[in-house]
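Down below is the structure, laid out as C-alpha cells.
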C-alpha cells in the first residue's frame, strides 16, 4: 500500500473527513488518489504524490535496475576485449596516422603500444572471453552479455560520468535513476525509489550531480545510503529521544497540522503529514535494511561481505536487499579504475588488479544470488565505466609503471538479467581495440536500451523544461535490439 | 487592445481544457518539428521541400507534388510518405516510423482542412513591445486600491468570482515580512502592528520593511538564483572560489534600489563603463559565476566555450525569458532565433579575459595611497639630501636607455605539460597554461630554431589576466618556482632516449626572490626546495620577469635535431609558470637578464624633459634598488610596505586585449567544428522596426569590423566593434519587448507563487500565454516609467487589495480555480530553503543578522563532503554567531551542496534558475526534525520559553506558538500542545539524564538557571512547533 492510501485509511479511521466538510475532503481525496486528475503541463504543482507507481509504456522485462559503475573507467583491453595483436606489437610506436587529430587527456607525442599483462581464456558454454583477473565473473559467463562496442563522446571523467548517467556531459540534467523514478514511480513505500551506494577511496568524479534530479522534481533524486553515520542523512533522532517520543511528537504535529488544514484547506498539508509518516517509517526500515548481520554466513562468503564493514561487497549485498524491498533503481559507484600507470596504485599489474579483486567476487555473487532467488529475470544488472582506455601505454613519467590513457572510441561493459540475452558478446573492435568495427553502441543507445527493458520508450519519456521536451537520450539513442532476450 | 482580447480568449480556452480533434499546435507541429524539420526546415531543404509553413507545404518540393492537399490525405505527399510501406520512400528515413496516433492525427488534421495558423513569430505577443493598457472598468470599485486590482477584478467579474476577504493582520505582517525581508516578524513587531490604529499602519509597515537592510538579502537571493551563484568552480575538482564580493554587491544594489537598468549594465559590462568604479567591476562577477573545469587532461577551450554557452543561457533566462540555448546546435525550432543569431549573441561574450580583482575597503585604499605618498616623500627627500645623487641617476639612465643584447623570440614547434596540463600558443609565441592547475608540473617545449652559434636562452615569465592574481605564475599570489631547467638536443620531438644534454654555465634574472636564486634552476637538483622564484612582496606582484641562461659553449643545432627545453616545477602549491616565452641570442658574450622592468624601460625611452615628476620618480624608484649607497633608504621603504594592505580577489570580467577571438558558428554546437565567422549582433525578432528598416537598406548584414548597423539601439554607425556594453544597453532599452515584462513576471512570482507567465524562463512561442496579459504589460510599462525602481513596484504590489487577500482555499475556489490562475485568493506556499533555516533560527533567537562578507560553514553531517571526488574539502564550522547566519550565506559547494538547503529545493547553481520547484518529501521531514541546526534551534527556543515565556505552561505555550507562527493558538491547538508538554514533563520527571541530553546543547555544561525537565519537555514541544506546516509556510 502506498503512503497516501495508508494515510487516507488512517485519517478515515479517525473520521477526519467527517470533520472537515465533504466537498473539500472528497476533492482532496480525489486528487491524492489520482495524480492525473490535476496534472498539468504548465508546471503548476500537482498536489498528488509524484512517487506513486505509474504504468510503463509497454510490458516491461525488468522492474528494477542495479547499475554497478566502475568510476575511473576500467581497461576493457585487460578485462573483456582480448587483443593478441597488442602483445605482438608491445613497445612499438603506433602509426602517427592513427592518432592524427586525436585529443588525449595525458598522452603526449607518439605513444607506444601496450600489450595486456593478463591472460584471457574462454569460459562457459558460451565461450565468452574474460581475463584471468575476473575469475568469479568467468563462472557466470553464460549469464551475462558482454558489450565490446561501447562508445562515448567524452574523455574526461566528470563529463563522461555525467554523460553515462544523465545523457549530457554538463551538470544539471536529471540522472537515469531520476528519469526512471519519474517515469515509473516507486513501488516501495518505506524506502526511496532511487538509492545510491558509494564505495572506494573517493566518490565519483561527477559528484552528487550523478544522482541529481536536474529539472525534475527533487523527490526523484537519488538518496545515498551511507556506510558511516546515519545511512540516510538526519535519519536518527537527536540524542535522548526514543521512538515512542518520536511517535508522540508526530501525533501532536499531525493534530496541529490537521487544524491548519481545516482552516485553510491547502492539500499540501495532507501531503506534508504523509511525508512525516513516511519519514517515520524510514527510521525503522532503513536501519533494518542496512543491518547485514542476519544474512547467513554462506551469503557473506559468496559476496565477501562483512557486517559492520563498508565497501563494494557490502554494497552489492545491500543492492540485492533493496531490490527485494521493491526499490526501483540502485546505483553503485566504486572508485579507483583510472589506470594511467603513473604510479603503482594505477598500474595495470597492481592497483588495477586490486580493483578487480575488490569487485569481481561481489559483482558475480550479486548475479548468482539474484538468480537463485528468482529475481534476476526482473532485475537488470549493468557493470561498466564511463569510457575506455587506450591501446597505448601512457608512460607519463617513463618510470616503468604501465597504464592506459582515457579513450572514448571503444570500451566494454556487461549486462545481465531483466530483458538481456545471456551468454553473448555483442560488437567488436579493430585489431588494436582502438575503434569499434561492428555493432557500435553509443552511450545514448545503452540508455535507450535500459529504458526499453523497463517498458519505457526513451523518445516518449519526456519532461517539458524551458520550452523544450527533454529526454535522457537527448535527441539520440536507438534500442540495441540484438542484445534483448 | 485587439491583441489583448485575443489573448484573453486563448487564456480562457487554455483553462477550459483541450479542444477535441487534431489541433495543429498540440498534435501536428510537434511531429513536424521533431521528425521533419531537421531536413525540411530553415537549415536544410532536402529535395527542395520545407515543412515549416503552410505555403511551402502546399507547394511541395522538387518532385512537384504538393506535400499537403487540404481535405485530401491520400493526395498529400506528406501523408503518403509517412504511411507508405515502400522502404525507399518512407519518411522519416531514420528512426522509428510515426506512431499510429500521430498518423491518425495527421489524417484528421488534413481531412479537416489542414488548418495551419499563420503564426508569424514576429506577431508573438512577447516580441511586441508592451503597450500601456488602461486599467479596465469594474463593478466593485470599492475593492480596487490601485490599478493592479482593476485588472485582477475585471477578470474575476467576468468569471463570476469574488475576491477573497482580506487576510487578518497577523497573517499580513508575517506575509509581508517573509516576502520583503525573508524573516518572520518578532512578537513585539506583531504586537506593535496590531496595536497601531492609524489608517496608514500597513503602508508604514511596508516602508519600514522596504528600508530594512535585510530586504537586499531576501531579494538579492532571488537574483543569485538567476545568477547561479556558488562558492566553488564545479566539475570534478570543484575548488573553492572567491566571489562573495559579488553577492555583497547584489545585496547592496537591492538595498539602495539601484535602478534595474543600471543594475543590468553594471553586471554585464560594468568594467567597460567610463570611469568604472570598483563596485561596477565587481558586478561583472554575474557572468563569472559559470563553472570551470580544472580536471586533469581537459582541453581548456572546451570548457571556456561551455562557460560562454552558459553565459548566453543565463542572460537569456535572467533578462529575456528566452531559451537561447536551443539555437546553439541548430536554428531554434519554435522561436525565431537562428543558429547564426545565437552565435552573434555569443560573440558579445567571446572576447573577455577572466581576472580576479582585488577588493579593497575604502580604508585600505586610503592606506595604500598614504604608503605610496610616504614612500614618494622619502624618495624626494633622498634626492634632495644627496647632491651627487641626481648625477648618478642620470648616468645610470644613460647607460640603461637600451635593453641589453639582441634576442630572437622562438616559436615553439611542439609542447606539452604534465600531468594533464594543456598549454596554448599565443600570437606572441608565448605559451599559456589554463584550466587544470596541479600542484607541480613539468613543461616540455621543442624548437626547430634553424639558428647557429647560440650563446644563451632567455626565459620570459609574462603576466596574463587569466592567471590567478594576474600571474606570471599560477600560485595564489602569481608566483612560481622553476625547480630546474634542462636543455637537450634530440632526434625526435618525442624520444627521450636519444637526447644529448646541453650544458648551461650561468644564469641571471631580472629579480630573484630571497632564497630562490635563478642559479638554483640549473643546479642539477630537481627537488621541492631549490629553484627560481619571483615574489617581490604584495605591492609588487603581477610583474613580468626574465631569466637568461648562458650555454657553456656556443651551440649550433644540426638540421636533423631539435632543441628541447624541460621546465620542472616541484615546489608544490601550483608554483608553476603560467605564461612564458623563449628567446635566443648569438651575442658573445650574451647580455645578462634585463633588470629594468618594462614599465621603467618605457619611461626611459622618453626624453628626460618630457617626463612628469611622477614619471621621473618612478624611474628613481627602480634605480634606488640598484644603488648600494641607498641601502638605508631602501630598507626604510621596504619596511613601510610591510603594512601594504591586501584584500580578497573576486572573479570579474575584462575586455580581452591580446589575441582577440573571432567568433564562428559551431556546426551542431561542437567547438571542434567552427564554420563561418560572425560579428556581435542581436536577434532580429527583438529589434524595433526602425532598426530593421535601416538594416534592409544596407547591402551587408554586418558592418566590417564588427560594428552594429545604424539604427540599432544605442549605436551609431561605425563606432567600433560592438561590446558587452552595447548588449547591456540593448537589454534595458525601452524598445526591448522582453526585459521589463520578464522581471515583473518574476517579481510577481515571488508574491503569488506563480508568475503571470507560468514559465518565467520561457516567453517564447511555446509558452502558455500570460494569465493576465494586460496586467503584465501595465506592470512592465509602469516599471520603466518609475525609473526601473524595484522598490516602487514592490510597494505597488504589496499595497494592492489583490495581495492582501486571504489565502484560504474554499471549496468553491478549489473547484473553479485550483491553481489560482484567476487570483481570487492570495498564494500559500512553503517558504524557500534559506527561509526554512532562517525561520527556525529566528524563532529560537539564535539568528545572527550580520550582513555580507565571506560564506559561512554551519555544521554538516560527517561524510557528506566525501561524496564528491577527491579529498573532502575543509569544512571548518564557523565560530560564534557566524554559525547562525542566514541561509544565503551558507558556503555553496556545487558538487556537494549543503544538504539541508538542497533538500528544500535550493538550486544547485550549475545553471541559472528563475523558478524553483517546491517539493514536499520525507527527507525534508527528517531534516527539520533531526538536523543538528534545527535541533539546536529547538533547544534554544525551549530555553527562551522557560526563561521568558511566563509563569504558567499555558502562557509559555502561547509564547512558543507565537514565536513560530506569529499568531495565538486556537483553543484546540493550545490544548493539544499543553497535553503534549504535560506528557513529556511526566516522561522526563524520573529520567534526569535523558532530560539533560535532550535539553542541553552541551550536556556537560547544562544551563543552571532553569528546570531542565521543563526545558527538555519544551524542547520536544519546540520541535513540534518548528515543524508545523504553518511555520514553514507563507500564508
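Annotations
- Across peptide B:907-917, the average count of Cβ atoms from other chains found within 10 Å of a residue's Cβ is 4.
- Applying 1/(1 + (r/R0)^6) with r as the Cβ-Cβ distance of residue B:101 and residue A:464 and R0 = 25 angstrom yields a FRET efficiency of 0.85.
- The range A:333-392: Cα Rg divided by the 2.2 N^0.38 Å rule of thumb: 1.40
- Every Cα-Cα pair of the range B:594-646 was included, and the share exceeding 18 Å stands at 44 percent.
- Remark: mean inter-chain Cβ contacts per residue of B:927-937 equal 4, using a 10 Å Cβ-Cβ cutoff to other protein chain atoms.
- Multiplying the residue separation of residue B:256 and residue B:429 by 0.36 nm and subtracting their alpha-carbon distance yields 57.5 nm.
- Gyration tensor verdict on the range B:423-518 (Cα atoms; rounded if a/c is under 1.5, prolate if a/b is larger than b/c, oblate otherwise): prolate
- Helical mean residue ellipticity (222 nm; -39500 (n - 2.57) per DSSP H run of 4+; nearest 500) of chain B: -11000 deg cm²/dmol
- In chain A, the DSSP-assigned H stretches of four residues or longer account for a calculated mean residue ellipticity at 222 nm of -10000 deg cm²/dmol, using -39500 (n - 2.57) per stretch and the full residue count as denominator.
- Theoretical gain in end-to-end length, residue B:656 to residue B:402 [0.36 nm per residue, Cα-Cα removed]: 88.5 nm
- Note on the range B:766-816: Kirkwood hydrodynamic radius from all Cα pairs is 13.2 Å, rounded to one decimal.
- Cα centroid separation - the range B:283-330 against the range B:414-489, whole Å: 28
- In the range B:94-243 the Cα-Cα distances spread across 10 Å bins starting at 0 as 8, 17, 19, 21, 17, 13, 4, 0 percent of all pairs.
- Tilt relative to chain B, helix B:201-211 - C-alpha long axis, 0 to 90 degrees, to 10: 20
- Model label points for residue B:360 and residue B:676, set 7 angstrom from Cα along the Cα-to-Cβ axis, are 5.0 nm apart.
- Cβ-based exposure ranking for A:383, B:116, B:730, in which fewest neighbours within 10 Å come first: B:116, B:730, A:383
- Antiparallel DSSP beta bridges within the protein assembly as shown, as percent of all bridges there, nearest 5: 75
- The relative contact order of the range B:932-1034 comes to 37 percent, based on Cα pairs under 8 Å that sit 6 or more residues apart.
- Ranking of A:108, B:65, B:876 by count of other Cβ atoms within 10 Å, fewest first: B:876, B:65, A:108
- Considering the range A:282-354 at the alpha-carbon level, its Rg and Dmax are found to be 15.6, 46 Å.
- Applying 1/(1 + (r/R0)^6) with r as the Cβ-Cβ distance of residue B:602 and residue B:53 and R0 = 56 angstrom yields a FRET efficiency of 0.35.
- Computed over the range B:19-119, the alpha-carbon pair-distance distribution with 5 angstrom bins reads 2, 13, 25, 30, 21, 7, 1, 0, each value a whole percent.
- Between 0 and 90°, nearest 10: helix B:339-348 axis offset from chain B longest Cα axis: 60
- Beta bridges per DSSP with both ends in chain A, % antiparallel, nearest 5: 50
- Whole-number D in µm² s⁻¹ for chain B, Kirkwood Cα-pair radius fed into Stokes-Einstein, 25 °C, 0.890 mPa s: 73
- Quick note on the protein assembly as shown: its Rg to Rh ratio, both from C-alpha atoms and Rh being the Kirkwood radius, is 0.97.
- Across the range B:527-601, C-alpha contacts under 8 Å between residues 6 or more apart give a mean separation that, scaled by the residue count, equals a relative contact order of 50 percent.
- The Cα center of the range B:539-567 and the Cα center of the range B:948-981 differ in position by 80 Å.
- The relative contact order of the range B:19-119, computed from alpha carbon pairs under 8 Å that lie at least 6 residues apart in sequence, is 27 percent.
- If you bin all the Cα-Cα distances of the range A:363-485 at 10 Å, starting from zero, the percentages per bin are 12, 32, 30, 19, 6, 0.
- Debye-sum result for chain A in log10 I(q)/I(0), which assumes one identical scatterer on each alpha carbon, at q = 0.06, 0.09 Å⁻¹: -0.30, -0.64
- Nearest-0.05 FRET efficiency for residue B:448 and residue B:377, computed from C-beta distance (R0 60 Å): 0.65
- For A:188-195, mean number of other protein chain Cβ atoms within 10 Å: 1
- For the range B:932-1034, a Kirkwood hydrodynamic radius built from all Cα pairs, placed in the Stokes-Einstein relation at 37 °C and 0.692 mPa s, yields a translational diffusion coefficient of 244 µm²/s.
- Scattering profile of the range B:206-268 at q = 0.15, 0.17, 0.22 Å⁻¹ [log10 I(q)/I(0), Debye over alpha-carbon scatterers]: -0.52, -0.63, -0.91
- In chain A, the longest principal axis of the Cα atoms and the axis of helix A:443-453 are about 50 degrees apart.
- Residue order, fewest to most surrounding Cβ atoms within 10 angstrom, among B:304, B:72, A:355: B:72, B:304, A:355
- Descending semi-axes in whole angstrom, ellipsoid equivalent of the range A:79-207, from the Cα gyration tensor: 34, 25, 13
- Label zone at residue A:291, where the point sits 7 Å out along the Cα-to-Cβ direction: the range A:242-261 residues whose backbone N lies under 20 Å: A:242-247
- Annotation: the range B:852-923 has a Kirkwood hydrodynamic radius of 13.5 angstrom, from the mean reciprocal C-alpha pair distance.
- Per-peptide average of other Cβ atoms within 10 Å, ordering B:28-34, B:475-481 highest first: B:475-481, B:28-34
Any read-out appearing in this document is the output of simple, stated calculations on the displayed coordinates, not a laboratory observation. Quick caveat: nothing in here was measured; it's all calculated off a predicted structure. In this analysis, Cβ positions are derived from the backbone assuming ideal geometry, glycine residues included, and neighbour counts consider all displayed protein chains.
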